[in-house]
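See below for the structure under consideration.
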Amino acid sequence: MKIYGLSGKSGTGKSYNATELCGKMNIEGIIDDGLFIYANNIIAGESAKKQETKIGAVKTAMFMKDSHCASVRAAIRRVNPASILVLGTSDRMVEDICERLGIPKPVKIIHIEDITTEAQRKKAREERGGAGTHVIPAPTFQVKRQFSGFFLDPRRTLKSIGFQKNIHTEKTVVRPTFSYMGHYEISDKVITDIAHHMADNTLGIAGITWMSSKNSDEGMYIRIVAQFEYGTKVRTAAMALQRAVYDAVAYMTAFNVLGVEVEIRGFKFK
């Protein structure tokens, strides 16, 4: 297993450029901010970007929690990639992460200044400082499970790195808890109001008589009890309501909606 490092100060674009660098150097895996990413999939780990404080983020990125470290170690042994890129804010941090995870020392450490221009690093610092945004080098559908309730912005790029060779990459921009300017919260009533609004605009639905939503670290599960208009094709209307509520809640709140259950509870004449 060959280990490479990518070193640079916080907010200079390491995560943003990691996937392209892996494509150019045929590196299979990435260790970044507490996550082990392989083949565009988050295989194991906890994201430092989800921690509530900067100190907590640093500890997570360094795999200081034994259970976290052990789970990523096991995942690396199971996947056994030929090569991994380890990201850190310094050469020493890269080496310390390798030691914690029980993987070989880097054969080469690349510095962010070697692969980006000053203008690119300045733009990255402005986005970090002004908007408080961070990049995770994985597709949004992979990230959303860990970041249910966080607003995510997918970034897709296509870069040419030589004759007839292109790299398709997708990464996700997220604003971590520790960079929020104030407190952000979505009340249960918001979910209820969204569901009622979608029911009012779904053909064949007479109304919602009861509903509940249960939220966890992985996402939200919604249960709806509804009445249907007499003569309605129940299955079609129920599926339409299910899809409408799922799409609306996911879009408006950024929650990872695990499922929407619609229970049929009688009919109502017009």
Using the Karplus equation 6.51 cos²θ - 1.76 cosθ + 1.60 (θ = phi - 60°), what ³J(HN,Hα) coupling, rounded to whole Hz, does each residue of the range 38-48 give in order, writing x for Gly and Pro?
9, 6, 6, 10, 7, 7, 7, x, 10, 7, 5
Cα-Cα longer than 24 Å, checked against Lys14/Lys54; Lys59/Lys214; Lys49/Lys189, kept in input order, equals Lys59/Lys214; Lys49/Lys189
Dipole of the range 15-60, positive direction: furthest Cα of Asn17, Ile43, Ile55, with charges on the beta-carbon:
Ile55
Measuring with a 1.4 Å probe in the full set of protein chains, what accessible area per residue, in whole Å², belongs to the range 1-72?
43 Å²
Treating the beta-carbon of each Lys and Arg as +1 and of each Asp and Glu as -1, no other charges, what is the dipole magnitude of the range 1-122 about its Cα centre, to the nearest 20 debye?
140 debye
Only four residue types carry charge here, +1 at the Cβ of Lys and Arg and -1 at the Cβ of Asp and Glu. Report the dipole size of the range 210-270 about the Cα centre in Debye, rounded to the nearest 20.
400 debye
Show the residues, 5+ positions off or on another chain, whose built amide H is closer than 5 Å to the amide H of Val257.
Met220
To the nearest whole percent, what portion of all C-alpha pairs in the range 1-49 is separated by more than 16 angstrom?
39 percent
For the range 1-88, what percent of Cα pairs sit more than 17 Å apart?
46 percent
Check: the range 1-50 dipole with +1 on Lys, Arg Cβ and -1 on Asp, Glu Cβ, in debye
140 debye
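The values are calculated or read from the model by the stated rules, or taken from the named source; none is laboratory data. These figures come from a predicted structure and were not determined experimentally. When we count neighbours, we look across all protein chains shown, and the Cβ atoms used for this are built from the backbone with ideal geometry, even at glycine. All accessible areas refer to the heavy atoms of the entire protein, side chains included, with ligands and DNA or RNA removed. Shrake-Rupley method; radii C 1.70, N 1.55, O 1.52, S 1.80 Å.
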